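Notes for the one structure printed next.
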Amino acid sequence: MKTIMNRNGNELTIAVEGRLDTLSAPDLEDQLDDLLQGVERLTFDFEKLEYISSAGLRVLMTAMQILDEPGSVTVRSCNADVMEVLEFTGFVDDLTVE
């Protein structure tokens, strides 16, 4: 997994490339507390994400918990396989999906 982070004031975009799974997700999850300091709007750009596992979903859940008030979490540019996982697990109900 490769990540590219772009911060603009209180907005952070994390572009994720490759697989967000049991091998790669813990690294990103461990960074979230520091990364999200002062962030009110977080966007995950999944244009180049090939696969997301339950460990990757845990990263999204952790981000949502950290940004609970007043922040927001958006996921954009999902491929069909990733979107299917988000829909099946109900994450589309808790995230903004673009």
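The values are calculated or read from the model by the stated rules, or taken from the named source; none is laboratory data. Keep in mind it's a predicted model, so treat the numbers as computed, not measured. Because the Cβ atoms are built from the backbone with ideal geometry, glycine has one as well, and the counts that use them run over all protein chains shown.
In this structure, is Val97 over 16 Å from Val16 (Cα atoms), modelled with pLDDT under 95 and surrounded by 13 or more Cβ atoms within 10 Å (Cβ to Cβ)? Judged against the criteria, Val97 is not a match. Checking each residue in the stretch 62-82 for being assigned to a helix (DSSP H, G or I) and surrounded by fewer than 16 Cβ atoms within 10 Å (Cβ to Cβ) picks out Gln65, Ala80, Asp81. Of all residues in the stretch 50-60, those that are assigned to a helix (DSSP H, G or I) and either among the charged types (D, E, K, R) or crowded, with 16+ Cβ neighbours inside 10 Å (or both) total 6. Number of residues in the stretch 40-76 that are hydrophobic (A, V, I, L, M, F, W, C) and over 15 Å from Gly90 (Cβ atoms): the value is 9. The residue of the stretch 5-33 that is farthest from the chain's Cα centre (by Cα), among those that are in a loop (DSSP other than H, G, I, E, B) and polar (S, T, N, Q), is Asn10. Restricting the stretch 34-49 to residues that are aliphatic (A, V, I, L, M) and assigned to a loop (DSSP other than H, G, I, E, B), the residue that is farthest from Leu60 (Cα to Cα) is Val39. Within the stretch 42-55, is there a residue that is on the phi > 0 side of the Ramachandran plot and in contact (Cβ under 8 Å) with a residue 24 or more places away in the chain? No: zero hits. The selection criterion, being in contact with a Gly (Cβ under 9 Å, 6 or more places away or on another chain), assigned to a helix (DSSP H, G or I), under 19 Å from Asp21 (Cα atoms) and not hydroxyl-bearing (Ser, Thr, Tyr), holds for Val85.
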